[in-house]
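Engineer: Below you'll find the structure I mean.
The values are calculated or read from the model by the stated rules, or taken from the named source; none is laboratory data. This one's a predicted model, so the numbers in the text were calculated from it and none came from an experiment. Cβ coordinates were reconstructed from backbone atoms using ideal geometry, including for glycine residues, and neighbour counts include every protein chain displayed. Just so you know, the surface numbers come from the protein's heavy atoms only, side chains and all, with ligands and any DNA or RNA stripped out. Shrake-Rupley method; radii C 1.70, N 1.55, O 1.52, S 1.80 Å.
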Amino acid sequence: MALPRVNALRLSPDGTRLVSVVQSLNPDGKSYGTALWEIPQDPGGEPRRLTRSAKGEAGAEFAPDGTLFFVSRRPDETAKESGGDSAALWLLPERGEPVRLATRPGGIGAVRAAGDAVVHTSQVLPGDAGTEEERRKAREEAGVSAILHEGYPVRYWDHDLGPAQNRFFAGRAVREGLEDVRDLTPEPGGALDEHLSFDLTPDGRTVVSTWRVPLPNGDIRWDLVTIDVADGSRRTLATSGGHDFAGPVTVSPDGRHVACLRERHGTEEMPIALDLWVIDLATGEGRAVAGEIFPASVAWAPSSREIFFAADQRGRRPVFRVPLDGEVTRVTSDDGAYAELCPAPDGSVYALRGAVDSPPRPVRIAADGSVTTLPSPTPPLDLPGTLTEVTATAEDGTEIRGWLVVPAEATAEDPVPFLLWIHGGPLGSWNDWSWRWNPWIMAGHGYAVLLPDPCLSTGYGQDMLQRGWGDWGPVTHADLMAITDECLKRPEIDEQRTAAMGGSFGGYMANWVAGHTDRFRAIVTHASLWNLEQFVGTTDGANYWQREFGVLGSARYARLSPHRSLGEIRTPILVIHGDKDYRVPIGEGLRLWWDLQRSGVESKFLYFPDENHWVLKPGNAIAWYETVLAFLSQHVLDEEWTRPPSLS
């Protein structure tokens, strides 16, 4: 929990400065703070912290002249007239102290700068009754928290949507602040809420952004639009009845093209598919330059003639290069999971490199694919075990692969207990470091951990998604058991002392496993789906799930819902859920807990009233690990139950 975490990376336009956003544990040990750090481009240098404030800094973006913008709630004694504690836009010169440029009552979110324009987002209450400050004050003084919705959705992950709406504002940066500020989207509805991704053309004249479009029966679609910075006029650049145009949205350095993702809508028979899509900004004509990818980062080369992207591939996330008129080639050849790609003028690419056995660290990738690790605020780690790639053959002949973490002390004479960890998604892959579900903590306590990629995992092509699409439980279960069986053949692993764990979709599968086998001695199910009909009607994105499962009441819900197998559960279960989880609402955890109680299944319920889907606060995360380890010790190691110290 105390390790600094490098979360973002930005390269100055001239390629001479590399800045990261670093998250660190605050002195109180109860929360995290963020700061900007300068990363040396020489492996022999030392990282240098650039900002310090109690509120932290984020959203770092370079302007064309090398000026660094960021967003922070830090106070400014010279500018208290507006904004209160809202996030403000700040400027950090290469030398000198930060200067606050702008603030708004609803705070400032993302920012982009090009030409002489600065464009940022802000949350604004709709209406004409007085100024924004007056509308907010009137609502607060009236004691009104109600939100009237006329469309879908109404909330997202862990927060409510509305009544404020995200808008674009544009201005020109001067030393004293932003001047000539104008509202580019005065009545956007919810078009710029959540999933927003945007960029600014190099001349600063046009915003290119995703735009949410409401559809009949609660469905939505995402288009790509251009917005004129001078007058706010909007043009639809890309739209399709069966696709979403999604971020990352990035404009080429020559201003001629925009790259984004085009996602084909899934149906009951066909999974989603993602293409790297390039659009001519003048004509609106678009085409795929790379297909069947699940990228984490997309960035143009300074020449504008090729694009770099990092995408899932067989338990890794390599960097790829694709010319606008050529074939995709893989750049990196190691086991890394790359993100935050920053192509440099000299042909190299700066990035963050993580892996299952390495936290994200800044690196420089040469044109030949060789990788140089740069100094990082995250110190090198001495991990308590080894990482091995494992494979198995599924019932239909498909190869199933995964990563196996084994404690250093494991031997055939003294085999260690085994944990099956099932990833979420369901579209996802175990290919990167995790600060939350970290297998090395479990290895440090003597457990081998299997991180498998069954059907529905990304990085194995569309066939791997098709195998499990609309058939979550049975096919995924068979894949998981096949690779588990293969790992349990290893003499250093004890095949009698086993447990299974999963979160989100992995929690769904943990529930499914509990109802379809009693081979494991314990099950841990986190933020899990239990009753599918109940879930699809209450989750924050019901329209997405209905595309795959059909309308409520269809046979697919009954066949694939874990709660239908309640009577078959014999394995002790630890249920974990947060009350602020809107993706898998708390009703799933409460219903599961009640069903286990009334059925007499040995179980415990770890409930977090103030947490969302993943339990992120440091103290709660520690309580999570302590409780899981205590539960496993009781049922896998046959030790007496001891209440975790953090819960005493």
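Engineer: Please find, among Leu552, Leu590, Leu566, the residue that is closer than 20 Å to Thr476 by Cβ and among the hydrophobic types (A, V, I, L, M, F, W, C).
Structural biologist: On the way: Leu552 fails: closer than 20 Å to Thr476 by Cβ; Leu590 fails: closer than 20 Å to Thr476 by Cβ.
Of the residues listed, the single one that is closer than 20 Å to Thr476 by Cβ and among the hydrophobic types (A, V, I, L, M, F, W, C) is Leu566.
Engineer: State all residues of the stretch 23-74 that are touching a Ser or Thr at 6+ places or on another chain (Cβ under 8 Å) and free of Cβ contacts under 8 Å to residues at least 12 places away in the same chain; if no residue qualifies, say none.
Structural biologist: Passing the criteria: none in range.
Engineer: Please go through the stretch 282-301 and give me each residue that is part of a loop (DSSP other than H, G, I, E, B) and either open to solvent by less than 20 Å² (accessible area, probe 1.4 Å) or touching an Asp or Glu at 6+ places or on another chain (Cβ under 9 Å) (or both), ordered by number.
Structural biologist: Once the filter is applied, which keeps residues that are part of a loop (DSSP other than H, G, I, E, B) and either open to solvent by less than 20 Å² (accessible area, probe 1.4 Å) or touching an Asp or Glu at 6+ places or on another chain (Cβ under 9 Å) (or both), the stretch 282-301 yields Glu292, Ile293, Phe294, Ala301.
Engineer: Then there's this: Pairs only if they're at least six apart or on different chains, beta carbon under 6 angstrom, first in the stretch 552-578 and touching a residue at least 40 places away in the same chain (Cβ under 8 Å), second assigned to a helix (DSSP H, G or I) and open to solvent by 50 Å² or more (accessible area, probe 1.4 Å); list them, first residue then second.
Structural biologist: Taking only residues 6 or more apart or on different chains, the pairs are Leu566/Ser599; Val575/Trp593.
Engineer: Follow-up. Looking at (1) surrounded by fewer than 19 Cβ atoms within 10 Å (Cβ to Cβ); (2) at pLDDT 95 or above; (3) within 30 Å of Arg221 (Cβ to Cβ), which is the one condition that is false for Asp638?
Structural biologist: Every listed condition holds for Asp638 apart from (3).
Engineer: So Thr538 ticks every box in (1) of a type in the set (Val, Ile, Thr); (2) open to solvent by 20 Å² or more (accessible area, probe 1.4 Å); (3) farther than 19 Å from Trp594 by Cα but one. Which box is left unticked?
Structural biologist: (3)
Engineer: Moving to a separate point now. As an exercise: evaluate Thr571 against (1) farther than 27 Å from Asp219 by Cβ; (2) open to solvent by 10 Å² or more (accessible area, probe 1.4 Å); (3) not in a helix (DSSP H, G or I) and give the number of the one condition it does not meet.
Structural biologist: So the condition that Thr571 fails would be (2).
Engineer: Hey, another quick one. What about Gly326, is it in contact with a strand residue (DSSP E or B) (Cβ under 9 Å, 6 or more places away or on another chain), open to solvent by less than 50 Å² (accessible area, probe 1.4 Å) and touching a residue at least 60 places away in the same chain (Cβ under 8 Å)?
Structural biologist: no
Engineer: Follow-up question, since we're still on this one. If you scan the stretch 329-371, which residues turn out to be of a type in the set (S, T, N, Q) and open to solvent by 50 Å² or more (accessible area, probe 1.4 Å)?
Structural biologist: Thr329, Ser333, Ser370
Engineer: Within the stretch 408-424, track down each residue that is under 30 Å from Ala311 (Cα atoms) and open to solvent by 10 Å² or more (accessible area, probe 1.4 Å).
Structural biologist: Result: His423, Gly424.
Engineer: Could you tell me whether Asp128 is closer than 26 Å to Glu61 by Cα, open to solvent by 60 Å² or more (accessible area, probe 1.4 Å) and of a type outside the set (Gly, Ala, Ser)? Give the steps one after another, and end with the answer.
Structural biologist: Working: closer than 26 Å to Glu61 by Cα: no; open to solvent by 60 Å² or more (accessible area, probe 1.4 Å): yes; of a type outside the set (Gly, Ala, Ser): yes.
The answer is no for Asp128.
Engineer: Additional query: Can you list the strands (runs of 3 or more DSSP E) found entirely within the stretch 345-410 that contain at least 1 residues being under 30 Å from Leu480 (Cα atoms)? Give the steps one after another, and end with the answer.
Structural biologist: Details: elements: 349-355, 358-365, 371-373, 385-393, 399-407.
Qualifying strands (runs of 3 or more DSSP E): 349-355, 358-365, 385-393, 399-407.
Engineer: Here is a follow-up. Scan the stretch 140-152 and tell me whether some residue there is in a loop (DSSP other than H, G, I, E, B), closer than 24 Å to Asn543 by Cα, charged (D, E, K, R) and open to solvent by 50 Å² or more (accessible area, probe 1.4 Å).
Structural biologist: At the first step, the residues of the stretch 140-152 found to be in a loop (DSSP other than H, G, I, E, B) are 142-152.
Going one step further and asking which of them are closer than 24 Å to Asn543 by Cα, we end up with 146-152.
Those left that are additionally charged (D, E, K, R): 150.
Right, trim to open to solvent by 50 Å² or more (accessible area, probe 1.4 Å) and you get 150.
Scanning the stretch 140-152, I find at least one residue that is in a loop (DSSP other than H, G, I, E, B), closer than 24 Å to Asn543 by Cα, charged (D, E, K, R) and open to solvent by 50 Å² or more (accessible area, probe 1.4 Å), so the answer is yes.
Engineer: Tally time: how many residues in the stretch 392-407 are open to solvent by 50 Å² or more (accessible area, probe 1.4 Å) and either among the aromatic types (Phe, Trp, Tyr) or touching a helix residue (DSSP H, G or I) at 6+ places or on another chain (Cβ under 8 Å) (or both)?
Structural biologist: Residues meeting the conditions: 3.
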